[in-house]
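Below: one structure, written as structure tokens.
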Amino acid sequence: MMAEDPVQERHRDTPEELAERRAAVRALAREWLDAGRYRPGCDAWLRGHDPDFTRELAKRGWIGITWPRHLGGAYRSHAARLVITEELLRAGAPVAAHWIADRQIGPAILSYGTPKLQQEFLPGIAAGELTFCLGMSEPEAGSDLAAVRTAATRVPGGWRISGRKIWTSHAHESSHAYVLARSERTERKHEGLTEFIVDMRSDGVSVSPIVDLAGRHHFNEMVFDEVFVDDDRVIGTVGEGWSQVTAQLAYERGGPERVLSTYPLLAALVEATRPAAAKRPDGAAAREVGTLVARLAALRRMCWEVARAMDEGRAPVREAAVLKYLGTQFERDVIEAGRQVLDRPPRLAGGGDDEGDEAARLLGEAVLAAPGFSIRGGTSEILLTIIARGETRR
Ligand SMILES: Cc1cc2nc3c(=O)[nH]c(=O)nc-3n(C[C@H](O)[C@H](O)[C@H](O)COP(=O)(O)OP(=O)(O)OC[C@H]3O[C@@H](n4cnc5c(N)ncnc54)[C@H](O)[C@@H]3O)c2cc1C
């Protein structure tokens with residue numbers, strides 16, 4: 001399992017240390033906002049891709065903070081990481097460039113990669129230099145991820161990968177791709193899968209855009225045509241990809257981004273319903289927003305439980321599924337409240353008419369992102385299945 005630092009014990013952050021770090025991240029986000037370095041966005045962890053911003057965070061040691069020191073980290077707790085991610089999400093800061101690598105690819109390499117692979121990738125991710133996209137989904141393999149057909153064939157010194165991945169966020173802007181591929185044909189589809197790291201500059205890799213309903217390009221289709229991948233770029237054990245990726249999905253689903261994608265909008269609603277701010281104080285609207293704030297408090301507690309489980313070395317598969325299921329419902333309810341409380345149409349950024357009405361702009365962003373909330377990272381139906389299985393096996 002996880003690589004231990006040869007000389008250091010993982011640091012257990014005290015409440016005072018966590019509060020100090022939270023204040024530092026909050027202050028920096030405020031400073032950069034005031035300096036015009038970013039505009040707060042809903043869903044900015046997926047759509048706000050800004051490599052310079054990522055490198056600035058990396059300089060402060062805020063990427064890969066839980067990883068051992070000899071691999072570019074600070075060997076801090078997952079609670080310390082949660083403090084950082086919560087504050088950046090709260091600010092609506094553009095963190096997409098490092099999000100996937102920091103959240104799940106780094107931990108996957110740490111859990112299963114050889115020391116050589118760890119040394120090759122983790123310091124670069126922590127420095128904000130290496131960025132990853134996630135090559136899991138295929139046209140006939142989304143919810144049923146074990147049905148992937150991208151094939152990895154053994155050749156001298158490595159593998160040749162051929163196949164097609166779809167809905168790959170930021171593939172056109174990433175230095176590397178994580179790729180789940182079938183390395184062996186067996187009767188049981190959960191067997192014979194292997195995880196690879198593919199350099200996006202390799203011969204045979206092509207990326208084409210898939211434009212979303214807002215006309216924006218963050219999705220892609222990736223095609224691999226006999227792409228050579230060195231043996232050293234296998235993550236973990238050949239054929240054990242399914243059990244490895246299941247643990248990775250807990251990291252993917254169990255973070256505060258499943259709750260806080262619409263936080264900048266919620267904050268705007270809180271402002272709009274303050275008695276001093278409202279033109280005509282509306283008790284019903286204030287109650288609705290207050291209920292959302294209370295629900296957020298409960299969901300944040302769940303995020304802390306997930307972080308605690310990770311600090312104990314567990315991959316909290318069921319807890320993460322519960323968090324994502326409830327979190328994405330919450331995010332949608334924030335949007336519904338936005339429609340009612342703001343009582344004006346959502347506005348689209350870049351449309352030329354969004355200046356001066358930040359709340360309506362945030363509502364516009366959230367409305368456009370919302371269809372993906374309960375789909376990405378596993379649909380709600382799939383999460384319910386995981387939760388139900390977890391309950392019946394107790
Ligand atoms: C914003 C966004 C970003 C994404 N980024 C990435 C990325 O970077 N990399 C990547 O690999 N993928 C990415 N995806 C893809 C995402 O993981 C898949 O869309 C998702 O897993 C669903 O797969 P599918 O689209 O094939 O839908 P399907 O699996 O075809 O599902 C269609 C519908 O059928 C339901 N369904 C399917 N099977 C069952 C079942 N057994 N029981 C009950 N209901 C079922 C589903 O819940 C859903 O409602 C992204 C998706 C979105 C929306």
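What to note about this one:
- Test: Val289 is within 30 Å of Ser111 (Cα to Cα) and crowded, with 18+ Cβ neighbours inside 10 Å: no
- Among the residues of region 14-27, not a single one is within 20 Å of Ile105 (Cβ to Cβ), open to solvent by 40 Å² or more (accessible area, probe 1.4 Å) and touching a helix residue (DSSP H, G or I) at 6+ places or on another chain (Cβ under 9 Å).
- Residue within region 134-156 that is among the hydrophobic types (A, V, I, L, M, F, W, C), in contact with a Cys (Cβ under 9 Å, 6 or more places away or on another chain) and either open to solvent by 30 Å² or more (accessible area, probe 1.4 Å) or assigned to a strand (DSSP E or B) (or both) present: no
- First in region 115-140 and in contact (Cβ under 8 Å) with a residue 12 or more places away in the chain and under 21 Å from Leu180 (Cβ atoms), second anywhere and among the polar types (S, T, N, Q) and open to solvent by less than 20 Å² (accessible area, probe 1.4 Å), Cβ under 6 Å, 6 or more apart: Thr131/Ser174; Phe132/Ser174; Cys133/Thr168; Cys133/Ser174; Gly135/Thr168
- Matching residues, region 371-385, being touching a Lys or Arg at 6+ places or on another chain (Cβ under 7 Å) and either assigned to a loop (DSSP other than H, G, I, E, B) or at pLDDT below 95 (or both): Phe373, Gly377, Gly378
- Test set (1) part of a strand (DSSP E or B); (2) among the β-branched types (Val, Ile, Thr); (3) more than 14 Å from the ligand (Cβ to nearest atom) - Val179 fails condition number: (3)
- Looking across Gly113, Gly48, Gly73, one residue alone is within 16 Å of the ligand (Cβ to nearest atom) and either open to solvent by 10 Å² or more (accessible area, probe 1.4 Å) or not hydrophobic (A, V, I, L, M, F, W, C) (or both). It is Gly48.
- Matching option when the condition is surrounded by fewer than 14 Cβ atoms within 10 Å (Cβ to Cβ), away from the ligand (no atom under 14 Å from the Cβ), farther than 30 Å from Pro68 by Cα and outside the structural domain of Pro107 (by TED's automatic domain parsing), among Glu336, Glu381: Glu336
The values are calculated or read from the model by the stated rules, or taken from the named source; none is laboratory data. These numbers were taken from a predicted model, which means no experiment stands behind them. So basically every Cβ, Gly included, is an ideal-geometry build from the backbone, and we count neighbours across all protein chains shown. The accessibility values were calculated without ligands, DNA or RNA, using every heavy atom of the protein model including side chains. Shrake-Rupley method; radii C 1.70, N 1.55, O 1.52, S 1.80 Å.
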